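Engineer: Please see the structure below; I have some questions.
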Amino acid sequence: MVALSQERLASRKNGSVRRSSQPGFDRVFRIASLGSALLVLLVLAGIIGAMIYGGWPAFREFGFGFITSSVWNVNEDQYGAWVAIVGTLSTAVIALAIGVPLSLGIAIFLTQFCPPWLKRPVATVIELLAAVPSIIYGMWGLFVFAPLFAKYVQVPVSSVVEGMPIVGTILYARTPSGVGVLTAGIILSFMIIPFIASIARDILDQIPSVLRESAYGIGCTTWEVVRNVLLPQAGVSIIGAIMLGLGRALGETMAVTFVIGNANRLSGSIFDPGSTIASRIANEFNEAIGLQLNALMALGCILFLVTFVVLVLARLLIARVRTA
Amino acid sequence: MDTALQGTVTASPAPWGRVRRSRYLADRALKVVCALFTILGAVVLGWILLMLLVEGIGGLSADVFTHTTPGPGSQGGGIANALVGSLILTTLGIVVATPIGVLAGTYLAEYGKGSKLAETIRFVNDILLAAPSILIGLFVYMLMVQPMGGYSGWAGGVALAIIAVPVIVRTTEDMLRLVPGSLREAGAALGAPMSTVIIKISWKAARAGMVTGILLATARIAGETAPLLFTALNNNFWFNPNLMGGVANLPVMIYQFALSPYENWRELAWAGALIITMSILALSIAARLILRKEKAR
């Protein structure tokens, strides 16, 4: 026994015991891992803290009225978030209205109809939509999509609906330039496709094929299988995927800044320019001083709270899809 | 009677056969609509790439890579400073994010596993993964730009790192979880401490997947604009070697130049857009290929 421990001592002195097997390194490694993981929590806490700290003067100055006021006047130092909140929500809703059917269609195509040899290229193309930088979507939207949209959609539709009740307000373009809330929503819908489609595809893929096969076995068509078996089975997970897309749409900045027109007023028409929380921050933050800076931070705080709630819901609804 | 029956059979009356017409049509409609939607998605990607090629390729010249961005109203110029600036900021972001992300992912997969703390961190990481990048810009503005008294490349690098970390954490954890437990047990049975098992066995087995995660994170942050607006900003000159003050970078340069009234600025914006998009797409495809090759093994 004594001889053994003496032998170990000797070997340690000789350095034949490797460094990494010393308990010291093991503990350092463990602590470094834990520390890095805790850093993730710290970053989220830091973002929350920074937003509240930065936005506090604006919240204190305007109180609850900050959310409901639609005034944004730099000269008189009066700020309200309502226009930006409405813009953010309406672009996101339009994005979902267009993007969700597109994404689900793509997910269904990939899982049900696509011939096996085509699956991988198509899936890659759809995923690459997420790799294109947001600013490139903005340039495409502004320089390619908007002129076409103005010529072939805004002008004809406006001339048809002019004077009609309700529709004449919602779909009337005072200045058919192509940019506006609807354009931003359409561009956003393309941007959220890859996120919703890839999760929806994974969810559909995970449904046991026995279920599908038995439905086909009693004579169902593909439509009936999708409608009555797959979608109910996927259920809330699909809603989770949609919420994730909503989170993306709410916070998207550069593309929207390019195509929304950055107008600071409330309009009844979705053809008219508007602004979102993110686009206003991107536009004004670098020149902002004093209370304006705090008001923009307060806007950021509101955006954070909304996306946080949406993303938490998304995470809870999606049973985490593992790559296993 | 007989001939009539034969006639209907040979004429093969309706493609829907014994299925009721409305069911057949609904099924057909679904197929057509799904295929059309998929084609639409592909068309959008193709259209964007075509636009970049058409508008950008004319602007590509040797000057683009050798000259700095021109001032307002001056002729010619290039985007050399923005290219180098973007490389530096992206590298900085990845160099900061990789050790943190890999270690945090390792914690989740190897130490934390199903514990409450690990679950919380996983949850928060998923939220950070989708959090609006502009808010991360605001956060780093408060954290670094205001205290340091000005824009800097360091702040830009940190903002990009914060965006990259969740991507690396997620892929690292996912890849480590694919490593069979028996490998770790074999290592532990030889008397290797946990850290050795992780470094020499788990990391080694999951190497390709972890590299993929880092590549994907690079692709993600290389095109980010919003977080750089309030941190690294941009300028038209070579930046300070100590990275203090505005540091030129491609995304913000594109943003400012594309919306400018100067013809040569817009041309440079298109050239920059082409370069950055192609690099990012190449990175994403390379990452996928590595992963596929590894899975095939």
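Engineer: Quickly work out the B:Leu190-to-A:Ile67 label distance, labels modelled 7 Å from Cα along the C-beta direction, and quote it in nm with one decimal.
Structural biologist: It works out to 6.0 nm between the two label points.
Engineer: What is the Å³ per residue value for the convex hull set by the Cα atoms of region B:179-241?
Structural biologist: 148 Å³
Engineer: Also: How big is the charge dipole of chain A about its Cα centre, in debye rounded to the nearest 20, if each Lys and Arg gets +1 on its Cβ and each Asp and Glu gets -1 on its Cβ?
Structural biologist: That gives a dipole near 1440 debye.
Engineer: What share of all Cα pairs of region B:62-296, in percent, falls into each consecutive 10 Å distance bin?
Structural biologist: That works out to 8, 28, 29, 20, 10, 4, 1, 0, in percent per bin.
Engineer: Here is a follow-up. Averaged across the residues of A:275-286, what count of C-beta atoms belonging to other chains lies within 10 Å of each residue's C-beta?
Structural biologist: The mean count of partner-chain Cβ atoms within 10 Å per residue comes to 3.
Engineer: Continuing with this model, one more query. How much accessible area does A:Arg315 have with a 1.4 Å probe, in Å² rounded to the nearest 10?
Structural biologist: 50 Å²
Engineer: Sticking with this structure for a sec: Taking the Cα centre of region B:149-297 as the origin, how large is its charge dipole in debye, to the nearest 20, when only Lys and Arg (+1) and Asp and Glu (-1) carry charge on their Cβ atoms?
Structural biologist: Value, rounded to 20: 740 debye.
Engineer: Among the chymotrypsin sites (Phe, Trp or Tyr not before Pro) in region B:209-297, which ones are in a DSSP loop with at most 14 other Cβ atoms within 10 Å of the Cβ? Mind listing them?
Structural biologist: Here the sparse-neighbourhood loop sites are B:Phe237, B:Trp238.
Engineer: Right, another one. Just going by the charge dipole of region B:17-59, with Lys and Arg at +1 and Asp and Glu at -1 on Cβ, which of B:Ala29, B:Gly46, B:Gly59 is farthest out on the positive end?
Structural biologist: Looking along the dipole axis, the top candidate is B:Ala29.
Engineer: Moving on. Could you give log10 I(q)/I(0) at q = 0.06, 0.12 Å⁻¹ for the protein assembly as shown, computed by the Debye formula over C-alpha point scatterers of equal weight, without solvent?
Structural biologist: -0.38, -1.31
Engineer: Still on this structure: Taking the Cβ of B:Ala258 as the center, what net charge do the other residues with Cβ under 13 Å away carry, scoring Lys and Arg +1 and Asp and Glu -1?
Structural biologist: -2
Engineer: Which residues' amide hydrogens lie under 5 Å from the amide hydrogen of A:Gln78, considering only partners 5 or more residues apart or on another chain, with H built in the peptide plane?
Structural biologist: A:Asn73
Engineer: Would you mind giving the mean number of other chain beta-carbons within 10 Å of the Cβ of each residue in A:153-163, as a whole number?
Structural biologist: Mean number of neighbouring Cβ atoms from other chains: 0.
Engineer: Right, something else. Regarding region A:75-146, what is the average projected area of its C-alpha convex hull, in nm²?
Structural biologist: Over every viewing direction, the Cα hull of region A:75-146 projects on average to 7.4 nm².
Engineer: Using a Gaussian network for chain A with springs between C-alpha atoms less than 10 Å apart, which of these wobbles most: A:Arg248, A:Arg227, A:Arg265?
Structural biologist: Maximum fluctuation in the GNM of chain A, among the listed residues, is at A:Arg227.
Engineer: Same structure, new question: For A:Ser70, what accessible area in Å² do you get when you roll a 1.4 Å probe over the heavy atoms of the protein chains, rounding to the nearest 10?
Structural biologist: Ignoring ligands and nucleic acids, A:Ser70 comes out at about 60 Å².
Engineer: Compute the distance from the alpha-carbon center of region B:88-158 to that of region A:28-75, in whole Å.
Structural biologist: Each part reduced to its Cα centre gives a spacing of 15 Å.
Engineer: A further question on this structure: Rounded to the nearest 500 deg cm²/dmol, what is the calculated helix-only ellipticity per residue at 222 nm for chain A, with -39500 (n - 2.57) per DSSP H run of length n ≥ 4?
Structural biologist: Mean residue ellipticity, 222 nm, calculated: -21500 deg cm²/dmol.
Engineer: While we're on this one: How much accessible surface does A:Ser69 have with a 1.4 Å probe, in Å² rounded to 10?
Structural biologist: Roughly 30 Å² of A:Ser69 is accessible to a 1.4 Å probe.
Engineer: Also: Please build a GNM for chain A, connecting alpha carbons under 10 Å apart, and tell me which residue among A:Asn283, A:Asn294, A:Asn73 fluctuates the most.
Structural biologist: A:Asn73
Engineer: Also: Taking θ as phi - 60°, what are the ³J(HN,Hα) couplings along region A:291-305 by the Karplus curve (6.51, -1.76, 1.60), each to the nearest whole Hz, with x for Gly and Pro?
Structural biologist: So the Karplus estimates, Gly and Pro as x, are 5, 4, 4, 5, 5, 5, 4, 5, 4, x, 4, 4, 4, 4, 4 Hz.
Engineer: Pick from B:Pro72, B:Pro227, B:Pro241: which is most flexible by mean-square fluctuation in a GNM of chain B where alpha carbon atoms under 10 Å apart are linked?
Structural biologist: B:Pro241
Engineer: Nearest 20 debye, what's the magnitude of the dipole of the protein assembly as shown about its Cα centre given +1 on Lys and Arg Cβ and -1 on Asp and Glu Cβ?
Structural biologist: Dipole of the protein assembly as shown, to the nearest 20 debye: 2360 debye.
Engineer: Once both labels are modelled 7 Å past Cα along the beta-carbon direction, what's the A:Thr124-A:Val236 spacing in nm?
Structural biologist: 3.7 nm
Engineer: Shifting gears a bit: In terms of solvent-accessible area of protein heavy atoms at a 1.4 angstrom probe, what is the ranking of A:Cys220, B:Cys34, highest value first?
Structural biologist: The residues order as A:Cys220, B:Cys34, largest area first.
Engineer: In what sequence, largest accessible area first, do A:Val28, B:Val211 appear using a 1.4 Å probe?
Structural biologist: Listed by decreasing accessible area, they come as A:Val28, B:Val211.
Engineer: Taking Cα centroids, how far is region B:226-279 from region A:210-227 in Å?
Structural biologist: Going from one Cα centre to the other spans 53 Å.
Engineer: Then there is this: Protein chains only, probe 1.4 Å: how do B:Lys295, B:Lys31 rank by accessible area, largest first?
Structural biologist: Listed by decreasing accessible area, they come as B:Lys295, B:Lys31.
The values are calculated or read from the model by the stated rules, or taken from the named source; none is laboratory data. What you see is a predicted model; the values in this text were computed from it and never measured. Don't worry about glycine lacking a Cβ; one is built from the backbone with ideal geometry, like all the others, and counts go over all protein chains shown. Surface areas here come from the heavy atoms of the whole protein model, side chains and all, with no ligands, DNA or RNA. Shrake-Rupley method; radii C 1.70, N 1.55, O 1.52, S 1.80 Å.
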